[in-house]
Amino acid sequence: MRRYFGRAVHGGTAAGPVFVVKKESREIVYARAEDFQAQIARVQRAVGQSREELKALSHRALHRAGEDGAAIFAAHEMILEDEEYLETIYGMIRREKVAAEYAVAVTAQELAGRFERMEDECIRARAADVRDVSGQVLRNLAGNPGCGLRLAEPAVIVAQDLTPGETMQMEREKILALVTVQGSPNSHTSILARMMDIPAVVGVPVELEHIRSGMRAVVDGTGAEVTFEPDEDLWEAAERSMARERDEKRLLQSLRGEESVTRSGRKVQICANIGGLADVKGALENDAEGIGLFRSECLYLGRAGFPPEEEQFQVYRQALEAMGEKKVVIRTLDIGADKTEDYFRLETEANPALGYRGIRICLKRPDIFKTQLRALLRASVYGKLSVLYPMITSVKEMERIYEIVDEVKKELSKERIPFRLPRQGIMIETPAAVMISHRLAQMADFFSIGTNDLTQYTLAVDRQNGQLEEFYDPRHEAVLCLIRIAVENAHKYGKRAGICGELAADLELTESLLEMGVDELSVPPAMVLPLRRRVREI
């Protein structure tokens, strides 16, 4: 019996035979090619073929993982349409007179490397997408597009890594679990695993040469634990766990449409945190009562330049239309610290968590801020929109925000563009915001408490520093005391206060948070129904 731990992607238990995915490794060596036009033509043909394959995968994903699954392959198509990506390849072929394969491989390596140097894990995960798409082009250049993995029986899939295409080509009913040595919980393959409800663990430090197809394995997706050749006791325990999980899913689904209300009649609103349109489906499927946090910075990350107003407007409008009568809270650009892009031209800072980030960038770069506000006010016509401002520390900041909002309203009115002023809320993320929350509550329509940063700034602990994990404690009494103060001051002026940080999903603290008077809890979509059940038990 050999046991390994990795990183959790999607919870659930699986027990069954192993299927090891073995891939041929291709080393791309430097090769000259004088006829650069012929090499560029080869790349163009391979890119065209890759686009057709991605369209087919998108169609397959639409039926198996819904529109959001299809959007993953649409995003891959966008890489193949990206002018910077293609021109880098073509330019290298022209300048250096190299073979198409070498130019594609070097471009992929350089672009993926840029993503991997980002601190934000969501952005680092984009590196895998660049490599996936480039690998597809390379296979087509070699005349070997590859084929889907064929499984004779349901199995636990074990691989060094899996591309979204490889995952989608397998028959869903034969995938018991996904286990990879590499990969990220935020990669597109991981997202697909969650959409298709497949237990999955990445970053498992197993040497594949010691694993053979056919051996038995037990996967604990929640605990990120994988056991090969389990003993009978563990095997039987896994089978019992799988049966309980089936019963649990049936029980949770019975809570769809029910109110999130305590036994004493206290109503709590349970909403979902999302990173973009791809997550809206999960929020609806899990019966979220609204979107409590839409992280709009995802529109700005992983691209070569600022998203234009029209693109932002369309994304916000689609989210509002999809949610119907349910509210959608969109946080304005929260870039900086662990999330950044080269085109922002942010200087290197000794302590970025305390530096140029969030609303500070927006106030110093009103051109960026106004573009987003215009898109938001225009989209507000299509649903119940609320706008949330991050990293607020002073009354002066709020006054300046409202001045810019007024400027945007005048511009839109002059241009005769329809708009509506949404509700405007404040993120409570710093002790400073808490200590003046009695004043901020008179200016804002609502509070949303971001407990991740509030914990970081209260305890003076960098939450990105792995060496400080034991000191980062969201349950620290100082953090809980600040939450109570912010909620009481919001209520004093008739305003609602919710929590959108990780603490909102801590079921052991739910009762304490409700006792403080918290009105709303916004959590990952998969936590909506478990949290509703917990609330109904109190």
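Overview of results
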{"quantity": "Subset of segment 288-325 [more than 19 Å from the chain's Cα centre (by Cα), buried (at least 18 other Cβ atoms within 10 Å of the Cβ) and not acidic (Asp, Glu)]", "calculated": "Phe306, Phe313, Arg317"}
{"quantity": "Residues of segment 134-189 classified as out of contact with any Leu (no Cβ under 9 Å at 6 or more places or on another chain), within 15 Å of Ala217 (Cα to Cα) and either surrounded by fewer than 17 Cβ atoms within 10 Å (Cβ to Cβ) or free of Cβ contacts under 8 Å to residues at least 60 places away in the same chain (or both), total", "calculated": "1"}
{"quantity": "Any hit, segment 493-503, residues being within 15 Å of Ser437 (Cβ to Cβ), touching a Phe, Trp or Tyr at 6+ places or on another chain (Cβ under 8 Å), modelled with pLDDT of 95 or more and open to solvent by less than 40 Å² (accessible area, probe 1.4 Å)", "calculated": "yes"}
{"quantity": "Leading residue by the ranking (farthest from the chain's Cα centre (by Cα)) among those in segment 464-492 that are farther than 18 Å from Leu513 by Cβ and either open to solvent by 90 Å² or more (accessible area, probe 1.4 Å) or polar (S, T, N, Q) (or both)", "calculated": "Lys492"}
{"quantity": "Boolean, Arg212 is surrounded by fewer than 17 Cβ atoms within 10 Å (Cβ to Cβ), in a loop (DSSP other than H, G, I, E, B) and at pLDDT 90 or above", "calculated": "yes"}
{"quantity": "Subset of segment 245-258 that is more than 25 Å from the chain's Cα centre (by Cα) and closer than 13 Å to Leu531 by Cβ - its residue that is least open to solvent (accessible area, probe 1.4 Å)", "calculated": "Leu255"}
{"quantity": "Pairs, first among the acidic types (Asp, Glu) in segment 282-309, second open to solvent by 40 Å² or more (accessible area, probe 1.4 Å) and in a strand (DSSP E or B), C-beta under 6 Å, six or more apart", "calculated": "Glu289/Gln269"}
{"quantity": "Residue match in segment 439-448 (condition: acidic (Asp, Glu), under 29 Å from Ala478 (Cα atoms), at pLDDT below 95 and surrounded by fewer than 17 Cβ atoms within 10 Å (Cβ to Cβ))", "calculated": "no"}
{"quantity": "Top-ranked residue of segment 311-353 - restricted to ones that are assigned to a helix (DSSP H, G or I) and of a type in the set (Gly, Ala, Ser), ranked as modelled with the lowest pLDDT", "calculated": "Ala353"}
{"quantity": "Some residue of segment 362-380 being at pLDDT 95 or above, within 21 Å of Val328 (Cβ to Cβ), surrounded by fewer than 22 Cβ atoms within 10 Å (Cβ to Cβ) and aliphatic (A, V, I, L, M)", "calculated": "no"}
{"quantity": "Residue count, segment 271-289 (criterion: part of a loop (DSSP other than H, G, I, E, B) and within 16 Å of Glu258 (Cβ to Cβ))", "calculated": "4"}
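The values are calculated or read from the model by the stated rules, or taken from the named source; none is laboratory data. Only a predicted model underlies this, so the values are computations on that prediction, with no experimental measurement involved. Ideal geometry is used to build each Cβ from the backbone, glycine not excepted, and the neighbour counts take in all protein chains shown. To get the accessible areas, we keep the full protein, side chains included, count just its heavy atoms, and leave off ligands, DNA and RNA. Shrake-Rupley method; radii C 1.70, N 1.55, O 1.52, S 1.80 Å.
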